[in-house]
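Enquirer: Dropping the structure in here first, questions after.
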Amino acid sequence: MIATVAGLLLLAHIAMVAVLGTKPPGPFLSDLMQFTLGTVLLYAVFEASRRSEGLARSFWRLTAAAYSFWLIAQGLSVYNDLAASPFVSWINNLLFCFWFVPLAMAMFLDPEHEAGHLDALVALDFVQAVLVCVAAYLYFFYLPKADATNELAHSVWTPYFAGYAFVAGAFVVRAAVTRSRDSRALFGRMGIFLALSGCVDALYFYGPGRGMRTGAWFDLLWSALLVAPILIATTWKQMESPELPFDPPRREKRIYTEIFFLLYPLLVLFMSLRIARERLGLAAAVVLLSFVCSSARLLVTQNRLLVTKEALRREASRDGLTSLWNRKAILAILERDLLRAARENGPVGLIMIDVDHFKAINDSRGHGAGDTVLRIIASSIAAVVRPYDSVGRCGGEEFLIVAPGCGMAETWELAERVRSHVAGCNLMVDGSRVQVSLSLGVATGKTAADIEKLLHAADTALYQAKNAGRNRVEPSMGRAASASQSPSPAPRDFWL
């Protein structure tokens, strides 16, 4: 449907040029027809973005940004046909010269680590790149004197074509070396299109189009160039689903891009030195914006480093399944609390916990249900202990509680509260009830030198509890230690 509309608009433009040519209102209608084609193109690009995921979606969004700039420039051309303005012409030339810059930023999208949205750093780098283009436009286009026809000398367009050719070549090279079929299709087709577009522009400035007015036959070539990306967007179909990597990205693959972006503010500063000789305020504004972008990029990078550092610290000390302390961390906490206890001459309680018959749950219900049971048990234990107690998972179905300031009696009471709380939970798996209970061993120590003895004593007490029938706390200290001997709270339901 979109391609059909574009084809009809192109045929209408051909008829219009054949009938009116450069006679009024031919130039106005020709620009208006290209503006309409640009609107259709932008709609097609948005539709392609909506159908895409991951890198492809980001690619089409950048393409939409590029053609939004082009559409604004074309709209200004239509305005100039009605009421010419030097300032509007200046903005118009700037947008037409560098409309492809957002599209060029697609080169920095990573197919292995792209989450389907534009990264903040990519956005900041894009703004910085735009500032480089503005400075380049001022340096190469605006400041050089116009020729006798009040047009810019053709020699100053050389940097524009050099940059355009570089982007088109980079797209083609990336399409040739990438392993992704989607990236090959996107960058390859768009690279070929950019190369053709650059050739048409070169024919206009240096070939048969030189000196032609708006409304002449050469306008049809530009209209055809608008139809080409419409066909690319409407025929686009994603072949690969984006995959989230399990391993973190390797930094060495992106070091060259970080170095490359350091050149942006240097280029802006270098060109602004020349601009400042004639337009000091303009040069100051460009340099200030570049400084703001560089500072914002530094802050974003620093924030991400802090977030990553915190995530790594948490990952190194937390159990991935239950979010409790892992074995290394809980043992470090035990040692720390024993050192404090030695200074304050106080006890530290230790509770070692094992889930009764957990292997049977895994075998009968599956490991997924077993993991959910462990998470519920972990949250139940954490809900019972005091705020300054520490709970860790030692591995498998074993847990450890460090209770500073607790003697044997207080540690036993805490262990009994944990046992009765978990025993009162009703876990429903696939519509059937699963009974879960704990065996607990308690011990106390006063110095860090006792840590091995303390762990051994708690482990021994745990096995006494399992050998004595499970669902109990050992040593019993002459108290009721099992669910059958002591009342349990009202059951709590957990549905899996």
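The values are calculated or read from the model by the stated rules, or taken from the named source; none is laboratory data. Every value quoted in this text rests on a predicted model; they were computed, and no experiment measured them. Every residue, glycine among them, receives a Cβ derived from its backbone with ideal geometry; neighbour counts consider all protein chains shown. We work out accessible area using only protein heavy atoms, side chains counted, and drop any ligands, DNA or RNA first. Shrake-Rupley method; radii C 1.70, N 1.55, O 1.52, S 1.80 Å.
Enquirer: Does Ile361 satisfy being among the hydrophobic types (A, V, I, L, M, F, W, C), buried (at least 17 other Cβ atoms within 10 Å of the Cβ), in contact with a helix residue (DSSP H, G or I) (Cβ under 9 Å, 6 or more places away or on another chain) and modelled with pLDDT under 90?
Expert: Yes: the conditions hold for Ile361.
Enquirer: Within the range 48-81, restricting attention to residues that are open to solvent by 10 Å² or more (accessible area, probe 1.4 Å) and outside any helix (DSSP H, G or I), which residue is modelled with the highest pLDDT?
Expert: Going through the qualifying residues, I end up with Arg51.
Residue by residue, here is whether (1) in a loop (DSSP other than H, G, I, E, B); (2) more than 18 Å from Ala457 (Cβ to Cβ) holds:
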residue	(1), (2)
Gly320	yes, yes
Ser323	yes, yes
Gly349	no, no
Lys359	no, yes
Ser379	no, yes
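Enquirer: Which residues, taken from the range 1-12, are surrounded by 16 or more Cβ atoms within 10 Å (Cβ to Cβ) and either small (Gly, Ala, Ser) or within 19 Å of Leu82 (Cα to Cα) (or both)?
Expert: The answer is Ala6, and nothing else.
Enquirer: Further question: Tell me whether the range 4-21 contains one or more residues that are more than 23 Å from Val167 (Cβ to Cβ) and touching an Asp or Glu at 6+ places or on another chain (Cβ under 7 Å).
Expert: Among the residues of the range 4-21, at least one is more than 23 Å from Val167 (Cβ to Cβ) and touching an Asp or Glu at 6+ places or on another chain (Cβ under 7 Å), which makes the answer yes.
Enquirer: Which condition breaks for Leu20 when tested against (1) in contact with a helix residue (DSSP H, G or I) (Cβ under 8 Å, 6 or more places away or on another chain); (2) farther than 25 Å from Tyr204 by Cα; (3) open to solvent by 40 Å² or more (accessible area, probe 1.4 Å)?
Expert: (2)
Enquirer: If I filter the range 86-104 for residues that are among the polar types (S, T, N, Q), surrounded by 19 or more Cβ atoms within 10 Å (Cβ to Cβ), part of a helix (DSSP H, G or I) and touching a residue at least 60 places away in the same chain (Cβ under 8 Å), do I get at least one hit?
Expert: Within the range 86-104, not a single residue is among the polar types (S, T, N, Q), surrounded by 19 or more Cβ atoms within 10 Å (Cβ to Cβ), part of a helix (DSSP H, G or I) and touching a residue at least 60 places away in the same chain (Cβ under 8 Å).
Enquirer: Sort out which residues of the range 420-459 are free of Cβ contacts under 8 Å to residues at least 40 places away in the same chain, open to solvent by 50 Å² or more (accessible area, probe 1.4 Å) and assigned to a strand (DSSP E or B), and write them in order of number.
Expert: Across the range 420-459, the qualifying residue is only Arg433.
Enquirer: Let me spell it out: the conditions are (1) of a type in the set (Ser, Thr, Tyr); (2) surrounded by 18 or more Cβ atoms within 10 Å (Cβ to Cβ); (3) closer than 19 Å to Ala65 by Cβ, and Thr39 meets all of them except one. Which number is the exception?
Expert: (2)
Enquirer: Taking Ala403 as the residue in question, decide whether it is under 26 Å from Gln464 (Cβ atoms), hydrophobic (A, V, I, L, M, F, W, C), within 36 Å of the chain's Cα centre (by Cα) and open to solvent by less than 20 Å² (accessible area, probe 1.4 Å).
Expert: no
Enquirer: Could I ask something else about it? For the range 277-297, check the following and say yes or no: at least one residue is of a type in the set (Phe, Trp, Tyr) and either assigned to a helix (DSSP H, G or I) or open to solvent by 70 Å² or more (accessible area, probe 1.4 Å) (or both).
Expert: yes
Enquirer: Hey, could you check the range 215-237 for residues that are open to solvent by less than 50 Å² (accessible area, probe 1.4 Å) and outside any helix (DSSP H, G or I) and say which is modelled with the lowest pLDDT?
Expert: Among those residues, the one meeting the criterion is Gly215.
Enquirer: A follow-up question, please. If we keep just the residues of the range 374-393 that are touching an Asp or Glu at 6+ places or on another chain (Cβ under 9 Å) and touching a residue at least 60 places away in the same chain (Cβ under 8 Å), which is surrounded by the fewest Cβ atoms within 10 Å (Cβ to Cβ)?
Expert: Among those residues, the one meeting the criterion is Ser390.
Enquirer: For Pro208, work out the one condition from (1) in a helix (DSSP H, G or I); (2) at pLDDT 80 or above; (3) not hydrophobic (A, V, I, L, M, F, W, C) it doesn't fulfil.
Expert: With respect to (1) in a helix (DSSP H, G or I); (2) at pLDDT 80 or above; (3) not hydrophobic (A, V, I, L, M, F, W, C), Pro208 is out only on (1).
Enquirer: Need the failing condition index for Trp325 against (1) surrounded by fewer than 21 Cβ atoms within 10 Å (Cβ to Cβ); (2) in contact with a Lys or Arg (Cβ under 7 Å, 6 or more places away or on another chain), just the number.
Expert: (1)
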